[in-house]
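These notes concern the structure reproduced below.
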Amino acid sequence: MKIKTVSMIGLGAVGCAVAPELIRLLPRESLRIVAGGARKARLERQGVVVNGEHYDCFVTDPETDCGPADLVIVSVKYHALPQAIADLKHHVGEHTILLSLMNGVNSRQIIGQTYGIEKCLYGICNLSTVNHGNGVFTVSHMKGGISIGEARNAPPYSERLQAVASLFDEAGIDYQIPQDMVHAQWWKFLLNVGGNCTNTVLRGTQSYFQVLEPANRARRMVMEEVLKVGQAEGVNITQNDVEELMGVYKNYPAGNTCSMLQDLLKGARTENDMFCGYVVELGKKHGIATPVNEYLYHLIDALDEVNAGAPVVRVDV
């Protein structure tokens, strides 16, 4: 099986972690960026700039029937996922492989409810990316920043996983295939919920976790609750994962901000529901108290309401 056509929906910070290599590799109309309206017009007019290099895009409207793609990559924000699923109706066929690189742990299941979970690989993007606005991104490439796979992986890999791996090899996309993809996905979820949500309330750069122990103590409290609900879900995450993650931010560029804070600062809706909100939801499902995540959820929800125009008197700090 060889992947010849790829459709991508979501050409933001995560999408731009893989799009440049695919743009260089594939014939122009074989990489289809799915977008409509003003977003389509902007992408057609100016493309994207990643690490200082400009990339032109072939953009197709969601209503244009250009036939199913061999591979569909989903990298939208969580609140945009329902619309993205609808917009992919002409791009998913019987043999299409679906790969979500979204944050969180449940986008694969949500996509699978519409198109069939049997079409969906697991995917993770562990790269630190900054969205500077107006289609300009900085991607800090780290070894194995993209992870792909089935739930469990051991050679010989499944045919569809081999097909995506071959495409990434040819494109020069650095990736890894973890033996336990579910664990890898929840490992990142621990990182994201603990780090993104804490630092969004602090409005801090990654240096906060490199310097401020109170920030790390708060992050640990958040992750301890994520650990409990993950274990209740049957995921093989342990206290050792929490301890390992306490040191991860030492490897991040000190001046970078997390994606959630980037969204907040530019007035966009955050992925709060996907992070703290989903932890609270799972806590209720399993009868596990998650007061720290619930508290953070309400704080970030309030910040989202302010961004949405709530009639409050703001203080600029």
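Here are the numbers for the structure shown:
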| read-out | value |
| --- | --- |
| Restricting the range 153-168 to residues that are in contact with a strand residue (DSSP E or B) (Cβ under 9 Å, 6 or more places away or on another chain) and among the aliphatic types (A, V, I, L, M), the residue that is surrounded by the most Cβ atoms within 10 Å (Cβ to Cβ) | 164 |
| Single residue of the range 50-106 satisfying the filter (of a type in the set (A, V, I, L, M, F, W, C), in a loop (DSSP other than H, G, I, E, B) and within 19 Å of residue 27 (Cβ to Cβ)) that is farthest from the chain's Cα centre (by Cα) | 66 |
| Residue identified as among the small types (Gly, Ala, Ser) and under 19 Å from the mean Cα position of the chain (by Cα) among 166, 158, 128 | 128 |
| Some residue of the range 79-86 being hydrophobic (A, V, I, L, M, F, W, C) and surrounded by fewer than 13 Cβ atoms within 10 Å (Cβ to Cβ) | yes |
| Sole residue being closer than 30 Å to residue 267 by Cβ and not charged (D, E, K, R), chosen from 123, 116, 149 | 123 |
| Residue selected from the range 169-199 under the condition more than 26 Å from residue 243 (Cβ to Cβ) and in contact (Cβ under 8 Å) with a residue 60 or more places away in the chain, by the criterion surrounded by the most Cβ atoms within 10 Å (Cβ to Cβ) | 173 |
| Residue match in the range 79-86 (condition: more than 19 Å from residue 119 (Cβ to Cβ) and in contact (Cβ under 8 Å) with a residue 40 or more places away in the chain) | yes |
| Condition check for residue 267: at positive phi, open to solvent by 10 Å² or more (accessible area, probe 1.4 Å) and touching a residue at least 40 places away in the same chain (Cβ under 8 Å) | yes |
| The range 280-317, residues that are among the small types (Gly, Ala, Ser) and within 24 Å of residue 189 (Cα to Cα) | 283, 287, 289, 302 |
| Any chance residue 69 is in contact with a His (Cβ under 7 Å, 6 or more places away or on another chain) and modelled with pLDDT of 95 or more | yes |
| Residue match in the range 36-47 (condition: buried (at least 18 other Cβ atoms within 10 Å of the Cβ) and in a strand (DSSP E or B)) | no |
| The range 18-35, residues that are buried (at least 19 other Cβ atoms within 10 Å of the Cβ) and out of contact with any strand residue (DSSP E or B) (no Cβ under 9 Å at 6 or more places or on another chain) | none |
| Number of positions in the range 167-198 that are part of a helix (DSSP H, G or I) and over 23 Å from residue 237 (Cα atoms) | 5 |
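The values are calculated or read from the model by the stated rules, or taken from the named source; none is laboratory data. This is a predicted model, so every value here is computed, not measured. Because the Cβ atoms are built from the backbone with ideal geometry, glycine has one as well, and the counts that use them run over all protein chains shown. Heads up: the accessible areas ignore ligands, DNA and RNA and are worked out on the full protein's heavy atoms, side chains in. Shrake-Rupley method; radii C 1.70, N 1.55, O 1.52, S 1.80 Å.
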